[in-house]
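Reviewing the structure listed below.
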Amino acid sequence: LKARSFLLIGTPLALAGLLTFHPEGDGRIYDGVRDHVTAWLVVHIGLAVGAVLMAIALHQLVRGLPGRAASLTRALLAPFVVAFLAWEGFTGIQTGLLTHEANGLPAGPERETAAVNIQDHFTNPIIGDPSVMSMIANGAWITAVVAAGIAFRRAGVGTAPTVLLCMATLFTAHSVILGSIGLACFAGAALIVELRRHRAPAADVSPRQEPRLA
């Protein structure tokens, strides 16, 4: 129970804390990252690992829930992970590495050319930000957590987990404020579900009926 609770609650809270270190900046991506390369790489490597853990956490959260909504959640987790890792590796980690290399170039036309190339890299319409790949990753996460909320609602858990899981869609913002709020909401929903699962009498759960968690 402790290991499961740590995964379901600790993972989103740890990831929310990590997001608070995300460098923020206006204008070109190089200008916003060049003085914060280490923080940028740490956050984006952490997001790549965290996305996998969040997918596992969501899978565990809906474990045992019957119905189409829960099945949809489980089905979307693999596409979410694949798309997110491809997108994060390209726009997050690789952008940080390219910025690090550009910082080592002489100031002037050579570095300016590198900055322009980094901007083109980051905004690639297929796998950049925003892009087709980001839409797939974010769309899969949004649909998965909303479907999970519906599944818990139908299982009789109540309104709170459903609302919190719907708010967990804010994780797709990947920003210091909205992203962290979304992750905290996921943790809150997981806490409620885990408490009710722990308190529910065994007789309330039958393989032939929907689990009653409250």
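The values are calculated or read from the model by the stated rules, or taken from the named source; none is laboratory data. The model shown is predicted, which means the values in this text are computed figures rather than measured ones. We place every Cβ from the backbone using ideal geometry, glycine too, and count neighbours over all the protein chains shown. Accessible surface areas use protein heavy atoms only, side chains included; no ligands, DNA or RNA. Shrake-Rupley method; radii C 1.70, N 1.55, O 1.52, S 1.80 Å.
Quick check on my filter: what residues within region 117-144 are farther than 30 Å from L164 by Cβ, without any contact (Cβ under 8 Å) to a residue 24 or more places away in the chain and in a helix (DSSP H, G or I)?
Those that are farther than 30 Å from L164 by Cβ, without any contact (Cβ under 8 Å) to a residue 24 or more places away in the chain and in a helix (DSSP H, G or I): N117, D120.
Find the residue count for region 53-77, including only residues that are under 23 Å from A184 (Cβ atoms), open to solvent by 40 Å² or more (accessible area, probe 1.4 Å) and part of a helix (DSSP H, G or I).
4
Anything in region 82-109 that is over 22 Å from P125 (Cβ atoms) and open to solvent by 60 Å² or more (accessible area, probe 1.4 Å)? List them, or say none.
If the condition is that a residue be over 22 Å from P125 (Cβ atoms) and open to solvent by 60 Å² or more (accessible area, probe 1.4 Å), then H100, E101, G104, P106, A107, P109 are the ones that fit.
Could you look through region 18-50, keep only residues that are open to solvent by less than 30 Å² (accessible area, probe 1.4 Å), aliphatic (A, V, I, L, M) and free of Cβ contacts under 8 Å to residues at least 60 places away in the same chain, and pick out the one that is farthest from T169 (Cα to Cα)?
Selected residue: V43.
Quick one: which residue in T113, T123 is open to solvent by 70 Å² or more (accessible area, probe 1.4 Å), modelled with pLDDT of 95 or more and out of contact with any helix residue (DSSP H, G or I) (no Cβ under 7 Å at 6 or more places or on another chain)?
Of the residues listed, the single one that is open to solvent by 70 Å² or more (accessible area, probe 1.4 Å), modelled with pLDDT of 95 or more and out of contact with any helix residue (DSSP H, G or I) (no Cβ under 7 Å at 6 or more places or on another chain) is T113.
With assigned to a helix (DSSP H, G or I) and farther than 22 Å from A86 by Cα as the only criterion, which of G46, G25, G10, G50 stands out?
After ruling out the rest, the residue left standing is G10.
Kindly indicate which of T73, T91, T123 is touching a Gly at 6+ places or on another chain (Cβ under 6 Å) and not charged (D, E, K, R). Don't jump to the end; show me each part of the working.
Details: T73 fails: touching a Gly at 6+ places or on another chain (Cβ under 6 Å); T123 fails: touching a Gly at 6+ places or on another chain (Cβ under 6 Å).
Exactly one residue qualifies, and that residue is T91.
What residue, of R111, R63, R74, is over 30 Å from L8 (Cβ atoms) and out of contact with any Phe, Trp or Tyr (no Cβ under 7 Å at 6 or more places or on another chain)?
Going through R111, R63, R74 in turn, the sole match is R111.
From the residues in region 169-180 that are in a helix (DSSP H, G or I) and without any contact (Cβ under 8 Å) to a residue 60 or more places away in the chain, which one is farthest from T20 (Cα to Cα)?
That would be T169.
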